[in-house]
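Student: Below you'll find the structure I mean.
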Amino acid sequence: MRILVTGGAGFIGSNLVDVLMGQGHEITVIDNLSVGKASNIAHQLSSERFHFVNDSILNVNTLERLIRQADLIYHLAAVVGVKYVVDDPLGAIVTNVRGTENVLEMAFKYWVRTVIASSSEIHGKSAEVPLHEDDDRLLGPTTVGRWSYSDAKAIDEYFALAYAKKGLPVSIVRYFNAYGPRLDPKGYGSVIAKFMTQALRDAPLIVYDDGRQTRCFTFIEDTVRGTMLAATVPEAAGRVFNIGSSQETSILELAEMICQLTDSASEIQHVSYEQAYGVDFEETRRRVPDVSRARDILGFEAQTPLKDGLQRTLAWFKKEGMET
Ligand code: UDP
């Protein structure tokens, strides 16, 4: 198949590209390298089946040319990471809303099956456990920048569902804290990257608040497999899927595991949310996916235990992550 991966130089995108290339597909990546990195796809450039377009999804002419030639689209290009969104809300909103609108408009015009990447952040600070795809969303006020990401992704989902209603085979995957090789070591968007970098430097691991907030960290191989199933299982069209692990871990436990795995002399230090993010910040204290729909319709279940995934991520950080 000829597959277009938007954001294919990013963390999830480039890992997806590797699997798709391994299956023998012809892959085109469009990425403006704002969050993604050339080094994530450099090893593919020599293949005749791989094409890289360094451009933004806001450029509709480029996008139209690429989508016209595609049999399938994975739309992962986005400004991701709470910190990026809080720092540059305008850039994030425009890319995340207009960019997806562009992709879907062209997918509809040329009738190309599409998977849209969304996020567990959709649910905001909802205390519901586990979070089912159809549960209510609970967001703070518009003056708290963090929630603009949730709303931007919600608009993306509304667009996708609206096109699905018109018959376009489009599916939505909501990621729950994906991690693994190629996480940005600067760790803008991921606590695992930050803790690993800190531990490998024997610097303090900075845990926000009491560290009892929880996440279900999902190893990238699982995330990629769930994404691909959403593109290939016929019943997935027109639906939303949680793609996440069921292993709930507190941030403090995570910090302790990483210290242990790295054999680090680092201490664990607590800082307040206010110190970390500024005054206008609100936190999601628990985030656990309901995985039943993904299991029943996609046949998907995350398989990698956190400890194994952390070990494999650490191996990459030691070898390559600390240099980039
Ligand atoms: N966190 C932390 N120290 C950090 C970065 C994050 O304690 O240096 C916490 C953060 O408060 C949150 C969790 O780790 O509860 C996950 O944060 P991340 O930014 O990785 O993802 P998200 O908040 O989007 O789930």
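Student: Taking amide hydrogens as modeled 1.01 Å from N in the peptide plane, which residues meet the under 5 Å criterion relative to residue 128, leaving out close sequence neighbours?
Tutor: When sequence neighbours closer than 5 places are left aside, there are no close amide H contacts.
Student: Here is a further query. Report Rg(Cα)/(2.2 N^0.38 Å) for the chain, keeping two decimals.
Tutor: Compared with the compact-globule rule of thumb, the chain sits at 0.95.
Student: Using θ = phi - 60° and the Karplus curve 6.51 cos²θ - 1.76 cosθ + 1.60, what whole-Hz ³J(HN,Hα) does each residue of the stretch 105-113 get, with Gly and Pro shown as x?
Tutor: Along the stretch 105-113, the couplings run 4, 6, 4, 5, 4, 9, 6, 10, 4 Hz.
Student: Considering Cα pairs under 8 angstrom that are at least six residues apart, work out the relative contact order of the stretch 75-190 and quote it in whole percent.
Tutor: With pairs under 8 Å counted, the relative contact order is 35 percent.
Student: Using the Karplus curve 6.51 cos²θ - 1.76 cosθ + 1.60 with θ = phi - 60°, work out ³J(HN,Hα) for each residue of the stretch 244-253 in order, rounded to whole Hz, and write x for Gly and Pro.
Tutor: x, 7, 9, 7, 8, 9, 7, 5, 5, 4
Student: Net charge within 12 Å of residue 162 by Cβ-Cβ distance, Lys/Arg positive one each and Asp/Glu negative one each, not counting residue 162 itself?
Tutor: Residues close to residue 162 contribute a combined charge of -2.
Student: Provide the solvent-accessible area of residue 34, counting protein heavy atoms only and rolling a 1.4 Å probe, rounded to the nearest 10 Å².
Tutor: The accessible area of residue 34 comes to roughly 80 Å².
Student: Given a cut-off of under 8 Å on Cα pairs at least six residues apart, what relative contact order in percent is computed for the chain?
Tutor: Relative contact order, the chain: 18 percent.
Student: Can you grab the distance from the C-alpha centre of the stretch 200-237 to the C-alpha centre of the stretch 252-292, Å, no decimals?
Tutor: 14 Å
Student: Checking the cross-link filter: which lysines have an alpha carbon closer than 21 Å to that of residue 165, excluding same-chain neighbours under 8 positions apart?
Tutor: In chain and number order, the partners are 109, 153.
Student: Calculate what fraction, in whole %, of the accessible area of the chain sits on carbon and sulfur atoms when a 1.4 Å probe is rolled over the protein chains.
Tutor: Here it works out to 49 percent.
Student: Another question, then. Sequence gap at least 6, Cα distance under 8 Å: using those rules, report the relative contact order of the stretch 189-314 to the nearest whole percent.
Tutor: Dividing the mean separation by the residue count of the stretch 189-314 yields 40 percent.
Student: Starting from the coordinates of the alpha-carbon atoms of the stretch 191-312, obtain the Kirkwood hydrodynamic radius over all distinct pairs and give the value in Å to one decimal.
Tutor: Taking every pair of different Cα atoms in the stretch 191-312, averaging 1/r and inverting gives 15.9 Å.
Student: If you don't mind, another one. Across all directions of projection, what mean area in square nanometres is found for the Cα convex hull of the stretch 263-304?
Tutor: Answer in nm², one decimal: 5.8.
Student: Still on this structure, please answer the following. What is the sum of charges, Lys and Arg at +1 and Asp and Glu at -1, for the other residues whose Cβ falls under 14 Å from the Cβ of residue 123?
Tutor: Value of the local net charge: -2.
Student: Any idea of the accessible area per residue across the chain, 1.4 Å probe, to the nearest Å²?
Tutor: Value returned for the chain: 43 Å² of accessible area per residue.
Student: Further, regarding this structure: Applying 1/(1 + (r/R0)^6) with R0 = 30 Å to the Cβ-Cβ distance of residue 87 and residue 48, what FRET efficiency is obtained, to the nearest 0.05?
Tutor: Step by step, r from the Cβ atoms, then E = 0.15.
The values are calculated or read from the model by the stated rules, or taken from the named source; none is laboratory data. A quick note: this is a predicted structure, and the numbers were derived from the prediction, not measured. Virtual Cβ from ideal backbone geometry, glycine too; neighbours counted across all protein chains shown. Keep in mind that these areas ignore ligands, DNA and RNA; they rest on the heavy atoms of the full protein, side chains included. Shrake-Rupley method; radii C 1.70, N 1.55, O 1.52, S 1.80 Å.
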